[in-house]
Amino acid sequence: MNQKKYNQEFKQTVVELYRSGTPVNQLSSEYGVSKLLFINGLNFILRLKGQMS
């Protein structure tokens with residue numbers, strides 16, 4: 001199975017869109033990422049940012 005790798009710019013863009021109120025369903029559909037993967041990734045990124053603050 002091929003794993004997609006997402007660069008930092010992509011991750012930052014998605015987090016910013018999510019924080020600005022774009023629904024997960026819409027982001028998942030637009031970027032071709034499953035909702036579960038998307039939510040897990042967002043939670044991970046947001047936790048990291050919280051630890052860095």
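Would a scan of the range 20-32 turn up a residue that is at pLDDT below 85 and either surrounded by 13 or more Cβ atoms within 10 Å (Cβ to Cβ) or touching a Phe, Trp or Tyr at 6+ places or on another chain (Cβ under 9 Å) (or both)? No, the range 20-32 contains no residue that is at pLDDT below 85 and either surrounded by 13 or more Cβ atoms within 10 Å (Cβ to Cβ) or touching a Phe, Trp or Tyr at 6+ places or on another chain (Cβ under 9 Å) (or both). The set of residues in the range 15-28 that are over 16 Å from residue 4 (Cβ atoms) and in a helix (DSSP H, G or I) comprises 15, 16, 17, 18, 19, 24, 25, 26.
The values are calculated or read from the model by the stated rules, or taken from the named source; none is laboratory data. Owing to the predicted nature of the structure, the values given are computational and were not obtained by experimental measurement. Every residue, glycine as well, gets a Cβ built from its backbone with ideal geometry; the counts of neighbours run over all protein chains shown.
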